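Structure record follows, encoded as structure tokens.
The values are calculated or read from the model by the stated rules, or taken from the named source; none is laboratory data. As the structure is a prediction and not an experimental result, all values here were calculated from the model. Note: ideal-geometry Cβ built from the backbone for every residue, glycine included; neighbour counts use all protein chains shown. When the accessible area is computed, the model is the full protein with side chains, heavy atoms only, and any ligands, DNA or RNA have been set aside. Shrake-Rupley method; radii C 1.70, N 1.55, O 1.52, S 1.80 Å.
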Amino acid sequence: MSTGKPKPVVALYGLTCCAGCQLEILNLEDDLLDILGHINLVQFRMGSSATHPGPYDVCFVEGSVTNEAELTRLKELRENSKILVAMGACATTGGVNAIRNGRNIEEFKQSVYGDASHVNTFPQILPLKSHVKIDYELQGCPISGQEFVEFLTALLTGAEPREKNYAVCVECRMKENVCLMKEGELCLGPITRAGCGALCPSLGFPCEGCWGPVPQANVESEIDMFSQKGASFDLVVRKFRMFNASAEEFMKQLKRRLNIEWL
Amino acid sequence: MALAKFDIHHIARVEGHGDLFVELKEGKEPRVEMRITEGTRLFEAFLRDHGHNEVSHIMSRICGICSHSHAIAALRAVEAAMQIEPHLQTHQLRKLQLIGDNLASHALHINFLALPDYVGARNVIEMLPKYQEEVQRALRLKKLANDLMELIGGRHTHALCAVVGGYTHVPTSSQLQSMRKRLQEAIPDAEAQIELMGMFAEPKLVRRSQYLAVKHAKDYPLYEGDLVTDKGLRVPESEYTSLIKERNVPYAHAKFSEVEGKPFVVGSLGRLNVAKDQLSDNAKRMTKKVGLKLPSYDIFQMNLGQAIEYLHYLDQSIEIIDDLLTQNLHADIVDYKTRSGSGAVAVEAPRGVLVHEYRFNARGRVLAADVITPTAMNYSNIEADVRSLSPVLQELSKDEAELRLNMLIRAYDPCISCSVHFVRTA
Ligand code: SF4
Ligand code: SF4
Ligand code: SF4
């Protein structure tokens with residue numbers, strides 16, 4: 001990384017989420033001090049009481065927009081940032097926050113709060129890119145620290161960050177894993193974007209799709225494969241919706257193939 | 001007329017979004033409100049209809065900082081509901097995951113969230129020039145904990161190979177051996193961390209409250225047991241509703257809790273005040289060395305308490321690994337039949353007692369869910385502490401008073417995302 005230029009002003013923000021993606025950055029113990037030497041990290045509520053109104057060169061946002069206040073905040077961040085990066089499943093595909101989509105939100109609120117008149121929350125959770133222009137996305141639930149470092153390094157050196165446009169299966173085969181689909185499991189690896197290094201299948205657990213859809217995902221053939229393995233209609237829907245209920249590439253095809261109105 | 005007003009927006013260096021509102025009035029009870037503004041996530045509602053084997057991965061996403069605690073509480077509750085009995089190996093691996101969660105969170109909180117206040121910095125970066133060695137040590141202690149969680153759970157945040165009835169993957173003996181070596185080698189670091197936190201006797205806030213932990217006959221609070229208070233109340237974990245009463249407050253998206261109508265404390269002081277005799281010898285020795293008298297009713301000692309626990313949990317994890325090394329470890333999931341039923345359990349998350357309860361139908365689908373998080377349990381006590389601090393606040397300058405309030409809240413290590421709106425579903 002070159003250090004001749006002034007350090008870029010970087011901010012980290014969290015909307016509604018579990019903060020796991022910010023934590024993944026804090027967890028880069030080995031690289032953390034080095035990274036901090038190359039950027040000017042001005043806003044990091046989880047780790048610092050210092051605040052900075054912007055403008056920012058790069059702003060990373062984790063979490064979902066769940067109410068008006070958060071929407072306003074996101075729009076301000078967009079205006080104040082040269083580069084805005086959506087970070088994690090909550091911000092890119094809705095993550096688990098979007099499981100509520102298409103369901104009866106009033107009933108949901110009531111079941112949780114009893115009298116829910118003071119609870120103000122959007123019925124639909126959308127990816128951040130549906131609200132404002134997003135320059136880059138980092139996927140995963142949580143993101144991969146390594147991908148974050150690669151991404152930042154590219155930005156700092158003026159290179160275009162590389163997108164992985166292939167599926168988890170590719171990484172899985174490179175690791176010479178036994179395919180879990182052949183063992184009867186329901187794995188979303190064939191239609192999920194690579195980046196995690198096929199983490200789950202390498203540890204005996206089928207992919208749940210947290211990196212979101214790979215470009216040109218063949219959703220129909222995945223649904224057929226699941227059905228052939230005896231998966232119920234419900235189970236297929238739940239598998240697709242766990243991290244991707246707001247990922248249009250999946251939901252459109254799922255809706256068409258299974259003829260589901262509410263999706 | 002108001003004597004003073006504090007309106008602290010978005011308390012920093014805590015997890016999640018919350019504000020504190022305090023109004024001191026002449027001759028009147030001060031008005032204190034912990035306003036929890038974190039957006040709503042509706043976990044208990046959208047969890048319904050999910051399969052019993054999907055619960056732990058979804059509930060893990062309640063919180064990144066204590067994801068293993070949520071996942072393991074969920075797994076234990078599912079198993080309690082369906083009368084599934086996993087093997088010893090599974091319980092021990094889960095204890096290691098929980099210990100990893102506690103170690104990582106304690107290292108983060110002590111050094112990155114609490115410590116800056118004590119040395120007059122706004123964050124760990126500002127501490128660097130003067131406290132290079134302390135920061136490096138903190139990073140080592142944090143990394144060790146992350147590596148432990150990754151080794152057992154497959155990833156440091158949101159573990160993936162712990163499933164209902166067992167594990168899809170287990171570490172090899174040689175991996176466990178090298179982890180054991182690293183845990184052993186970290187003991188001097190853990191001791192130094194205790195000595196560092198032992199130096200900060202000020203500020204103090206001594207107020208006798210009630211203290212609650214998950215007490216087990218053999219082990220220091222962690223994985224299972226009864227809910228026990230320092231005043232001698234005891235109920236089985238499955239009967240938590242008979243002890244902990246929740247109530248709604250109009251200004252927060254979280255429920256507040258009380259025991260016998262009064263606030264109570266969970267977290268490191270909860271555990272230490274209820275189970276100090278179960279600490280490891282090392283931890284007992286260091287407690288004495290820094291002069292911490294237990295039970296302690298000074299809430300600011302939560303920070304030192306976590307440092308002592310870091311050492312205790314190191315010792316405990318070494319014991320567990322020694323035991324695991326005598327067994328023939330293999331990926332192991334017990335057979336079970338899906339059935340209807342309900343199960344409620346309590347574990348010790350880093351911030352204290354964490355309760356999960358689920359009810360399932362015969363197909364193993366979720367009918368209802370209830371979670372009470374440690375931060376939500378502490379809110380009522382935080383407000384009581386702030387009220388008792390009000391005479392002191394009037395003597396301090398505005399900036400000092402705000403710093404003191406922030407430090408008080410940070411001593412609880414609150415995890416606000418966790419605490420938001422977990423209440424029983426109808
Ligand atoms: S994407 Fe996952 S890890 Fe990241 S903030 Fe959202 S829930 Fe947490
Ligand atoms: S296990 Fe999953 S990710 Fe791996 S090759 Fe098979 S389908 Fe693809
Ligand atoms: S294998 Fe799938 S579910 Fe697992 S981390 Fe990778 S993308 Fe996420």
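Per-residue extension of 0.36 nm, minus the Cα-Cα distance of B:Ser178 and B:Lys245, leaves a gain of 19.6 nm for this segment.
What percent do you get for the relative contact order of the stretch A:199-263 when only Cα pairs under 8 Å and 6+ apart count? Don't skip to the end; give the middle numbers.
On the way: 40 pairs, mean separation 22.8, N = 65.
Dividing the mean separation by the residue count of the stretch A:199-263 yields 35 percent.
Each residue, A:Arg162 and A:Gln216, gets one label point 7 Å from its Cα in the Cβ direction; the gap between the two is 1.9 nm. Counting every alpha-carbon pair across the stretch B:32-109, the share separated by more than 22 Å comes to 36%. Seen from A:Gln253, the other residues with C-beta closer than 14 Å to its C-beta sum to a net charge of +1, counting Lys and Arg as +1 and Asp and Glu as -1. Counted by Cβ distance under 11 Å from B:Val345, the other residues give a net charge of -3, where Lys and Arg count +1 and Asp and Glu count -1. A simple spin-label model places pseudo-atoms 7 Å from Cα toward Cβ; at B:Glu133 and A:Ser232 they are separated by 6.2 nm.
When both the stretch A:213-238 and the stretch A:138-212 are represented by their alpha-carbon centers, they are found 18 Å apart.
Ordering A:Cys196, B:Pro263, B:Leu405 by Cα displacement along the dipole of the protein assembly as shown toward the positive end leaves B:Pro263 in first place; charges were set at the Cβ atoms of Lys, Arg (+1) and Asp, Glu (-1). About its Cα centre, the dipole of chain A is roughly 460 debye, where the only charges are +1 on Lys and Arg Cβ and -1 on Asp and Glu Cβ.
Taking every DSSP helix (H) stretch of at least 4 residues in chain B, weighting each as -39,500 (n - 2.57) and dividing the sum by the residue count yields a mean residue ellipticity at 222 nm of -13500 deg cm²/dmol. Candidates B:Ala71, A:Cys210, A:Phe233 compared by Cα position along the dipole of the protein assembly as shown: farthest toward the positive end lies A:Phe233, with charges placed on Cβ.
In debye, nearest 20, what is the charge dipole magnitude of chain B about its Cα centre with +1 on Lys and Arg Cβ and -1 on Asp and Glu Cβ, if you could check?
On the way: 51 positive and 54 negative charges, 70 e Å.
It comes to approximately 340 debye.
Scaling the Cα radius of gyration of the stretch B:348-400 by the globular reference 2.2 N^0.38 Å produces a ratio of 1.94. Each listed q (0.09 Å⁻¹) maps to a log10 I(q)/I(0) for the protein assembly as shown, found by the Debye formula over equal Cα scatterers with no solvent: -0.73.
The Cys residues in chain A with no partner Cys Cβ within less than 4.7 Å of their Cβ are A:Cys18, A:Cys21, A:Cys59, A:Cys169, A:Cys172, A:Cys179, A:Cys187, A:Cys196, A:Cys200, A:Cys207.
Think of the stretch A:9-156 as a dipole: +1 on every Lys or Arg Cβ, -1 on every Asp or Glu Cβ, centred on the Cα centre; then among A:Gln110, A:Ala154, A:Ser144, A:Gln110 lies furthest on the positive end.
Taking the stretch A:1-107 on its own, what percent of its Cα-Cα pair distances exceed 21 Å? Value for the stretch A:1-107 (Cα pairs over 21 Å): 40 percent. Ratio of Rg to Rh for chain B: 0.96 [Cα atoms; Kirkwood radius as inverse mean 1/r over pairs].
When the helix-only estimate is applied to chain A (DSSP H runs of n ≥ 4, each -39,500 (n - 2.57), divided by the residue count), what is the mean residue ellipticity at 222 nm, nearest 500 deg cm²/dmol?
Numbers: 11 runs with 100 residues, N = 263.
Rounded to the nearest 500, the figure is -11000 deg cm²/dmol.
Taken along the Cα-to-beta-carbon direction at a fixed 7 Å, the label points for B:Asp332 and B:Arg140 span 3.5 nm. Rounded to the nearest 20, the Cβ-based charge dipole of the protein assembly as shown about its Cα centre (Lys and Arg +1, Asp and Glu -1) stands at 640 debye. To the nearest 10 Å², what's B:Tyr251's accessible area with a 1.4 Å probe? Looks like 60 Å² after rounding.
Can you give the alpha-carbon Rg of chain A over 2.2 N^0.38 Å, where N counts its residues?
Values: Rg = 19.5 Å, N = 263, 2.2 N^0.38 = 18.3 Å.
Ratio of Cα Rg to 2.2 N^0.38 Å: 1.06.
Would you work out the relative contact order for chain B, in percent, from Cα pairs under 8 angstrom that are 6 or more residues apart?
On the way: 846 pairs, mean separation 106.7, N = 426.
It rounds to 25 percent for chain B.
Here B:Lys276 is the anchor, and the lysines within straight C-alpha reach of less than 20 Å, apart from those fewer than 8 places off in the same chain, are B:Lys95, B:Lys215, B:Lys218, B:Lys231, B:Lys284, B:Lys288, B:Lys289, B:Lys293. Mean sequence separation of contacting Cα pairs (under 8 Å, at least six apart), scaled by the length of the stretch A:9-156, corresponds to a relative contact order of 27 percent. Its residue count N sets the reference 2.2 N^0.38 Å, and the alpha-carbon radius of gyration of the stretch A:179-224 equals 1.07 times that reference.
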